[in-house]
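Inspection log for the structure reproduced underneath, given as structure tokens.
The values are calculated or read from the model by the stated rules, or taken from the named source; none is laboratory data. Computed from a prediction, not measured in an experiment: that's the story for all the values here. Here Cβ is always computed from backbone atoms with ideal geometry, including for glycine, and neighbour counts include all displayed protein chains.
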Amino acid sequence: MHLTYFTRLRFYVLGLIALTLIQATQAQKIPTPKEHFGFAIGDDYHLATYVQTEAYFKKLAAASPRANLVDMGFTEEGRHQYMLVVSSPENLKNLAKYKSISQRLGRAQDLTDEQARALSKEGKAVVWIDGGLHATETVGAHQLIETSYQLISRQDPETMRILDQTIILLAHANPDGQELVSTWYMREKKDDKKSTDFLPRLYQKYIGHDNNRDFFMMNMKESWNIGKQLYVEWIPQIVYNHHQSGPAGSVVAGPPYRDPFNYVYDPMIITSLDAVGAAMNNRLNAEGKPGYTQRAGSVYSTWWNGGLRTAPYFHNMIGILTEIIGSPTPDTIPLVPQRLIPNGSQTFPITPQLWHFRQSIDYSVSLNYAVLDYASRYRDELLYNIYRMGKNAIERGQKDTWALSPKRIKEIEDAYEAAKKKNSKTKLTKAYYDSVMTDPTLRDPRAYVLSASQSDFPTATKFVNALIKSGVQVHVATADFMVGKKKYPKGTYVVKTAQAFRPHVMDMFEPQDHPNDFQYPGGPPVRPYDAAGWTLAYQMGVEFDRILDDFKGPFQALPYGELQHPMGTLETVNPVAGYLLNPEANDSFTAVNDLLKANVDVFRTTEPSDLEVGAFFVPAGEQARAMLGKSSNELGIDVKGVAQRPTAPLAKVSPLRVGLWDTYGGSMPSGWVRWLSEQFHFPVEVVYAPTIDAGELRKKFDVLLFVSGAIPAPAGETGGRGYSRREPNAKEIPQEYRDQLGKISADTSVAALKKFMEAGGTVLTIGSSTNLAYHLKLPVRNTLVEITGDGKDRRLPSEKYYIPGSILRVSVDSTRAVAWGMPSQTDVYFDNSPVFTVAPDALAQGTIKPLLWFDSATPLRSGWAWGQSYLEGGVTGFEAKVGAGKLYAFGPEITFRAQSHGTLKLVFNALYSTVNAAGGTGTD
């Protein structure tokens, strides 16, 4: 039979239609993880790489109307960092509207309660769920994959309600880390050999685990990518940050958390954590999933700012952390008898058993659904409450308030005790409260003013940018203005406290007052989760004024999230003999490094004169002028032209060959310094123990820098501990990494360092690496010891002396070259750091010169310092001659997490040689 032309055409058209329908159906089919990865998420001995995960997220977004893929920005290694925005198709069509509602309620500006309630009914709850921040905690990234698939593919009523009532931000927190860890684990073909142990480098390019310590500074690209979504773009009501591992004998630790909580944020944060935590715990119990622990069952508190889930508390967001067990290699839940009896910390204990990766994935998905179910049921309450907390903050910033803290309570108690000594019948009345809590001088400020005239305004601007990255509203003066009798110039920054994120503002400017937290009266202290005090303005050495009364001026509100760039100046004279750079400005060193790299001469003043000692002088020249003009514009530094060469003695500045210690697997403190060296353009070479042990160091380096953790204490010494990470068998790692193995040893390494210094080299040690002073048998001893009954020194017990990470004030000898540009007193980050007593003969002979010391019995500025009086008179930074070279020893963490800009010059100065015309150095 022959078909007619029209019949054939009809069959052809029908075939095309059928093919189109089939293709459309296939396009809407959501690929399962197993179809994409080749294994189910949670299968034992299998991990997905980020390359595979990125491809899967793209497939999900392409196949489903429930998902949009957002590129948050690049990582430090140059990968795209993605976030899936998941909701109902109808919500995604109106995403801009719901984002605007979330922003308006989160910032709580120009809204009445009635308007806020109307917006809360109209809006959708926004919930952030991330995974993979700490890449060796492999559950995090993989639960994110599984949760994405389930939310996009499931059709059950609960999922449909969640999609209708919430907008879910599923964000990958560390793409680089997942790629490294998964590739490392899967490189072995035999299951029994697979392990995430002994990674050759940090799972974030510079800072590894400290990527969860960067969320008020946001130095790293990944941190700012995340911060932009949290504090500028979306302002979600709930932020869920996945981690591991749970405490032994449990499966997962979650909210609510143990005390103390920070006093600056709204109390609704704590009660909200109780509510969401109850929903999470209850869901696991209902599903027959035991092992959830909370409060005293784990170590996590809500005191500290800086983590991905803790910074949100200071922005009126409910920050959720869970720490879960689990590994692609099956593990066991150990027997912990004290966890087997139900109590308020663990209502449904788990028994010892074998544990598989998939069980952790299932728990994580259940916990995600518990949070999302809560958000969908209490959508309008969550939206209104974040507004209410923001409005509370604004109202507190508009009136006289007094912040309660342990310090203030003690002042009330002391006033009462003093009165009782005079009259034993005195009663404790409200008058004692009023004497402290209505004292007009103790009020909270209405604003902070950062004058544009301060000596290191570029660093002040970096501080302001950290606030802006956190969504803080900042104003800039468009003209000169007065507050009281003080005049401020145009360009000055004003940060008002009458704003929704007031808790974060207060936390960055004001001292933290950590309570005395002991296991029992007279017992050992309870270690804080992280730092006890961290006031960023103190760490960065920023000058600011606390303004207690309201004021007005020519102020322009800066757009949210728009980073600021200081305007430098290049002042010229005619004729010009050269240019001066301020040694107090950190970025002057950046400009100098650029000049030195271009072979432009730079000098420094070496004695006090009409110029500050250590001032940089650059002789006039076309190249110098062009480069300094560029630096002034890009760095915001002020360059001053002068008509004559300075009369003060000058020493030529030469770049030094700098080696920075690191170790196989990576040191976080070293990574921070490596990042800082790149930001300030210092050329630094990473050095490992085998290179040091090989000797002949003077041929390769002028300066060797050892961060905390590098150099162990001598046997029997009471100094700080060294780096204790377990090392792999060399045969078990790739050949390219084997020359990084090894540790600094008391015999071979220290002998090589001594020869290096004797030959004229400089060693700079920080934190526990100041142990080198003991190895060299320098005439110093540990100040923080007591004499035992047998006449031996022992470290002061923590019941008498304990200073976890806090900010302390020290005196500085700024006449020494290593401290040029420093003030006579400065704030340092101190974490039970080394403190020394120098032998009187060494002081008299000048073989050891103190650089930093405590001249007060109460040096605490922010945090917790139990027994701080033991510090008085102690030296915590010194310079010592060792042959023709020298040792710098700084006990405090002067480069701490790239936050301590106020003490960076103590490192920067040491990385230059200043040789005068007579061939001597300007360092003595």
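Brief remarks on what is shown
Each row is one residue, and each column tells you yes or no for (1) under 29 Å from residue 700 (Cβ atoms); (2) touching a His at 6+ places or on another chain (Cβ under 7 Å); (3) modelled with pLDDT under 95.
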{"position": "602", "(1), (2), (3)": "yes, no, no"}
{"position": "610", "(1), (2), (3)": "no, no, yes"}
{"position": "617", "(1), (2), (3)": "no, no, no"}
{"position": "629", "(1), (2), (3)": "no, no, no"}
{"position": "638", "(1), (2), (3)": "no, no, no"}
{"position": "661", "(1), (2), (3)": "yes, no, no"}
{"position": "664", "(1), (2), (3)": "yes, no, no"}
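- Residue that is nearest to residue 687 (Cα to Cα), among those in the stretch 198-230 that are basic (Lys, Arg) and surrounded by 22 or more Cβ atoms within 10 Å (Cβ to Cβ): 205
- Once the stretch 883-924 is narrowed to residues that are part of a strand (DSSP E or B) and hydrophobic (A, V, I, L, M, F, W, C), the residue that is modelled with the lowest pLDDT is 915.
- Subset tally (residues that are closer than 18 Å to residue 131 by Cα, of a type outside the set (S, T, N, Q) and not in a strand (DSSP E or B)) for the stretch 235-264: 3
- Exactly one residue out of 669, 649, 655 is over 27 Å from residue 457 (Cα atoms) and touching a residue at least 40 places away in the same chain (Cβ under 8 Å): that is 649.
- Of the helices (runs of 4 or more DSSP H) lying entirely inside the stretch 1-84, those containing at least 2 residues that are of a type in the set (A, V, I, L, M, F, W, C) and modelled with pLDDT of 95 or more are 50-63.
- Of all residues in the stretch 829-847, exactly one satisfies the criterion of being under 17 Å from residue 781 (Cβ atoms) and touching a Leu at 6+ places or on another chain (Cβ under 7 Å), namely 835.
- Tallying residues that are loosely packed, with under 15 Cβ neighbours inside 10 Å, hydrophobic (A, V, I, L, M, F, W, C) and in contact with a helix residue (DSSP H, G or I) (Cβ under 8 Å, 6 or more places away or on another chain) within the stretch 830-882 yields 1.
- In the stretch 127-159, residue surrounded by the fewest Cβ atoms within 10 Å (Cβ to Cβ) [restricted to those that are in a helix (DSSP H, G or I) and of a type in the set (Gly, Ala, Ser)]: 153
- Search result, residues across the stretch 785-811 that are farther than 16 Å from residue 896 by Cβ and in a strand (DSSP E or B): 785, 786, 787, 793, 794, 795, 802, 811
- Residue 809 being at pLDDT below 95, touching an Asp or Glu at 6+ places or on another chain (Cβ under 7 Å) and not assigned by TED's automatic domain parsing to the domain that holds residue 454: no
- Conditions (1) touching an Asp or Glu at 6+ places or on another chain (Cβ under 7 Å); (2) within 30 Å of residue 513 (Cα to Cα); (3) at pLDDT below 95: number failed by residue 787: (2)
- Residues of the stretch 244-258 that turn out to be surrounded by fewer than 23 Cβ atoms within 10 Å (Cβ to Cβ) and either within 23 Å of the chain's Cα centre (by Cα) or not aliphatic (A, V, I, L, M) (or both), as a count: 6
- In this structure, residue 898 does satisfy being in contact with a helix residue (DSSP H, G or I) (Cβ under 6 Å, 6 or more places away or on another chain), touching a residue at least 60 places away in the same chain (Cβ under 8 Å), crowded, with 17+ Cβ neighbours inside 10 Å and within 19 Å of residue 767 (Cα to Cα).
- Checked against the criterion of being surrounded by 17 or more Cβ atoms within 10 Å (Cβ to Cβ) and among the acidic types (Asp, Glu), the candidates 400, 373, 414 yield just one match: 373.
- Restricting attention to the stretch 109-123, the residues that are polar (S, T, N, Q) and over 18 Å from residue 395 (Cα atoms) add up to 1.
- Total residues in the stretch 850-877 satisfying the condition of being within 27 Å of residue 518 (Cα to Cα) and either of a type in the set (A, V, I, L, M, F, W, C) or in the same structural domain as residue 507 (by TED's automatic domain parsing) (or both): the figure is 7.
- Filtered residues of the stretch 429-461 (kept if of a type in the set (Lys, Arg) and touching a His at 6+ places or on another chain (Cβ under 7 Å)): none
- The stretch 381-392 residues that are within 16 Å of residue 271 (Cα to Cα), paired with ones that are buried (at least 20 other Cβ atoms within 10 Å of the Cβ) and among the charged types (D, E, K, R) (beta carbon under 6 Å, 6 or more apart): 389/266; 392/266
- Total residues in the stretch 323-340, condition surrounded by fewer than 15 Cβ atoms within 10 Å (Cβ to Cβ) and touching a Gly at 6+ places or on another chain (Cβ under 9 Å): 6
- Only residues that are at positive phi and either in a helix (DSSP H, G or I) or under 20 Å from the mean Cα position of the chain (by Cα) (or both) were counted across the stretch 160-217, and they come to 1.
- Exclusive hit being surrounded by fewer than 24 Cβ atoms within 10 Å (Cβ to Cβ) and either in contact with a helix residue (DSSP H, G or I) (Cβ under 9 Å, 6 or more places away or on another chain) or not in a loop (DSSP other than H, G, I, E, B) (or both), set 319, 297: 297
- Test: residue 813 is in contact (Cβ under 8 Å) with a residue 40 or more places away in the chain and acidic (Asp, Glu): no
- Some residue of the stretch 611-621 being touching a residue at least 60 places away in the same chain (Cβ under 8 Å), buried (at least 22 other Cβ atoms within 10 Å of the Cβ) and among the β-branched types (Val, Ile, Thr): no
- Subset of the stretch 345-374 (residues that are in contact with a Gly (Cβ under 6 Å, 6 or more places away or on another chain) and either among the hydroxyl-bearing types (Ser, Thr, Tyr) or not in a helix (DSSP H, G or I) (or both)): 345, 346, 350, 360
- Matching residues in the stretch 584-603 - criterion: being touching a Lys or Arg at 6+ places or on another chain (Cβ under 9 Å), under 14 Å from residue 624 (Cβ atoms) and surrounded by fewer than 21 Cβ atoms within 10 Å (Cβ to Cβ): 594, 601
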